[in-house]
Amino acid sequence: MSETAEKVKKIVVEHLGVEEAKVTPEASFIDDLGADSLDTVELVMAFEEAFGVEIPDDAAEKITTVKDAIDYIEKQKAA
Amino acid sequence: MFDLTGKVALVTGATGGIGEAIAKALHAQGATVAITGRRESELARVAESLGGARVIVAPADLADPAAPAALVEKIEAEAGSLDILVNNAGFTRDMLALRMGDADWNAVLEVDLNAPFRLARAALRGMMKKRWGRVVSIASIVGVTGNAGQANYAAAKAGLIGMSKSLAQEVATRGVTVNVVAPGFVKTAMTDALPEAARTALLSRIPTQRMGSPEDVAAAVVYLASPEAGWVTGQTLHVNGGMAMF
């Protein structure tokens with residue numbers, strides 16, 4: 001697992017208070033991890049802070065799974 | 001009841017009047033109080049009257065759009081958290097609408113409505129993380145009734161009420177409440193500026209037949225800031241001697 005993936009996973013576990021095993025790449029924040037809309041906003045803000053990237057609203061809307069988040073952040077960091 | 005020991009509160013416009021009374025009342029309940037305003041000498045006076053302990057003096061000009069976030073950051077860094085935000089700062093620039101320029105309108109909206117929003121936005125994040133927080137904004141009776149000569153001020157105060165109801169719904173699941181206290185005519189420098197005839201006319205419309213004191217308003221803020229008021233959110237508590245009953 002990449003460093004980004006590890007970090008994303010850690011943030012998700014911390015913010016949503018879910019078991020680490022549940023945070024699979026395919027896991028949906030809302031459907032699988034019990035997040036509400038406010039949680040997703042908090043998660044996006046936590047990602048922004050942790051990785052020093054900006055995630056605009058239209059991009060944030062498309063980040064619904066753990067993998068979405070990892071892919072977006074890795075793309076931003078590569079750019 | 002209403003014990004605020006261990007809580008950190010920020011009171012804007014704490015240089016006198018209602019803000020000073022709120023700072024003192026929260027402090028008396030055990031809170032650490034950060035006081036802000038533009039006049040540093042007045043802040044120093046208020047800090048001294050609080051005894052110096054559990055007080056943070058943080059001068060700021062809320063007309064500066066960058067000030068609110070910096071203020072919240074400073075308090076969170078110094079005190080460890082910000083649990084209670086009291087949006088009290090405000091000013092009037094009264095004139096009939098026909099004479100009211102854009103600058104007169106905007107200046108009042110900037111400090112009386114935009115700054116409270118920016119402060120709430122900055123403060124809510126930490127409150128949500130801690131699963132506890134209180135936002136109390138001081139509006140005014142004229143935000144509900146309107147008042148000739150105060151289109152800007154009344155719009156800003158009505159705006160605080162709508163803003164608070166929306167924020168209350170957004171953060172309710174996080175243990176954060178957002179409420180408004182709407183004072184009627186309270187004896188402060190702001191109302192001392194009224195002509196004698198206007199004051200007499202006002203008194204005749206107040207069933208309790210006295211003007212309010214800053215402490216009357218502060219007591220309402222203490223209640224809404226307290227753990228006991230956790231099931232009260234999105235509300236406007238009118239403190240006006242019965243002048244208007246909603």
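Under the classification rounded if a/c is under 1.5, otherwise prolate if a/b is larger than b/c and oblate if not, where does chain B fall, given a ≥ b ≥ c as square roots of the Cα gyration tensor eigenvalues?
Working: a/c = 1.44, a/b = 1.41, b/c = 1.02.
It is rounded, given that a/c, with a ≥ b ≥ c, falls under 1.5.
Which shape class applies to the protein assembly as shown: rounded if a/c is under 1.5, otherwise prolate when a/b exceeds b/c and oblate if not, where a ≥ b ≥ c are the square roots of the Cα gyration tensor eigenvalues? Don't skip to the answer; put the middle values down first.
Working: a/c = 2.23, a/b = 1.96, b/c = 1.13.
It comes out prolate by the Cα gyration axes.
Have a look at the stretch A:36-79 and give its Rg and Dmax from the Cα atoms, expressed in angstrom.
Reported Rg and Dmax, both Å: 9.6, 30.
With a 1.4 Å probe and all protein chains left in place, how much of the accessible area of the protein assembly as shown comes from carbon and sulfur atoms, in whole percent?
Numbers: 8360 of 15680 Å².
Of all accessible area on the protein assembly as shown, carbon and sulfur atoms account for 53 percent.
Suppose R0 equals 56 Å. What FRET efficiency, 1/(1 + (r/R0)^6) with r the Cβ-Cβ distance, do A:SER28 and B:GLN209 give to the nearest 0.05? Could you put the intermediate results ahead of the total?
Working: r = 62 Å, r/R0 = 1.11.
My answer for the efficiency is 0.35.
Kindly provide the helix-only [θ] at 222 nm of the protein assembly as shown, computed as the sum of -39,500 (n - 2.57) over DSSP H runs of four or more divided by all residues, to the nearest 500 deg cm²/dmol? All intermediate terms of the calculation are to be shown ahead of the outcome.
Numbers: 14 runs with 156 residues, N = 325.
About -14500 deg cm²/dmol.
So what's the gap between the Cα centers of the stretch B:116-165 and the stretch B:191-219, to the nearest angstrom?
23 Å
When a/c is below 1.5 the answer is rounded, else prolate if a/b is larger than b/c, else oblate, so apply that to the stretch B:1-118 with a ≥ b ≥ c taken from the square roots of the Cα gyration tensor eigenvalues. Please list the in-between numbers first.
Working: a/c = 2.22, a/b = 1.87, b/c = 1.19.
Prolate is the answer for the stretch B:1-118, as a/c is 1.5 or above and a/b outweighs b/c.
Could you go through the stretch B:233-244 in sequence order and give the Karplus-derived ³J(HN,Hα) for each residue, using 6.51 cos²θ - 1.76 cosθ + 1.60 with θ = phi - 60°, rounded to whole Hz, and x for Gly and Pro?
8, x, 9, 10, 9, 8, 10, 9, x, x, 4, 9
Among the aspartates and glutamates, which fall within straight-line cross-link reach of A:LYS62, defined as a Cα-Cα distance under 18 Å, with same-chain neighbours fewer than 8 residues apart omitted?
The qualifying aspartates and glutamates are A:GLU26, A:ASP31, A:ASP32, A:ASP36, A:ASP39, A:GLU42, A:GLU48, A:GLU54, A:ASP71, A:GLU74.
Quick check for me: using +1 on Lys/Arg Cβ and -1 on Asp/Glu Cβ, what's the dipole size of chain A about its Cα centre, in debye to the nearest 20?
On the way: 8 positive and 20 negative charges, 60 e Å.
Computed charge dipole of chain A: roughly 300 debye.
Once label points are set 7 Å from the Cα along Cα→Cβ at both A:LYS67 and B:MET245, what is their separation, rounded to one decimal in nm?
6.4 nm
Residues of the stretch B:151-177 with accessible area at least 50 Å² lower in the all-protein-chain context than alone (1.4 Å probe)?
By number: B:ARG174.
Mind checking the per residue accessible area of the stretch A:3-78 for me, 1.4 Å probe, whole number of Å²? Each step should come with its number before you reach the end.
Values: 4450 Å² over 76 residues.
On a per-residue basis, the stretch A:3-78 sits at 59 Å².
Which FRET efficiency value, to the nearest 0.05, is calculated for B:ALA197 and B:TRP231 with the Förster distance at 51 angstrom and r the Cβ-Cβ distance? Walk me through the numbers before you get to the answer.
Working: r = 44 Å, r/R0 = 0.86.
With a Förster radius of 51 Å, E is 0.70.
How much accessible area per residue does the stretch B:130-246 have, in Å², with a 1.4 Å probe?
45 Å²
Select from the stretch A:26-65 all residues whose loss of accessible area on going from the chain by itself to the full protein assembly reaches 40 Å² or more (probe 1.4 Å).
Buried by 40 Å² or more upon assembly, which counts only protein chains, are A:LEU38, A:GLU42, A:MET45.
Could you check the simple spin-label distance between B:ASN147 and A:ALA46, using points 7 Å along Cα→Cβ, in nm with one decimal?
With each label point 7 Å from Cα toward Cβ, the separation is 4.5 nm.
Nearest 0.05, what FRET efficiency do B:LEU98 and B:ARG45 give at R0 = 35 Å with Cβ-Cβ as r? Display every interim value, and only then the final one.
Numbers: r = 40 Å, r/R0 = 1.14.
Efficiency, from the Cβ-Cβ distance: 0.30.
At the nearest 100 Å², what buried accessible area, both sides summed, do you get for B and A when the probe is 1.4 Å?
Values: alone 11250 and 5070 Å², together 15680 Å².
So the buried area, both faces added, is about 600 Å².
Provide the packing ranking of B:8-15, B:67-74, A:12-19, i.e. peptides ordered by the mean count of other C-beta atoms within 10 Å per residue, highest first.
Details: B:8-15: 27.5, B:67-74: 18.9, A:12-19: 15.5.
Result, highest mean first: B:8-15, B:67-74, A:12-19.
The values are calculated or read from the model by the stated rules, or taken from the named source; none is laboratory data. Computed from a predicted model, the values in this text were never measured in an experiment. Every residue, glycine as well, gets a Cβ built from its backbone with ideal geometry; the counts of neighbours run over all protein chains shown. With ligands, DNA and RNA removed, areas are computed over all heavy atoms of the protein, side chains included. Shrake-Rupley method; radii C 1.70, N 1.55, O 1.52, S 1.80 Å.
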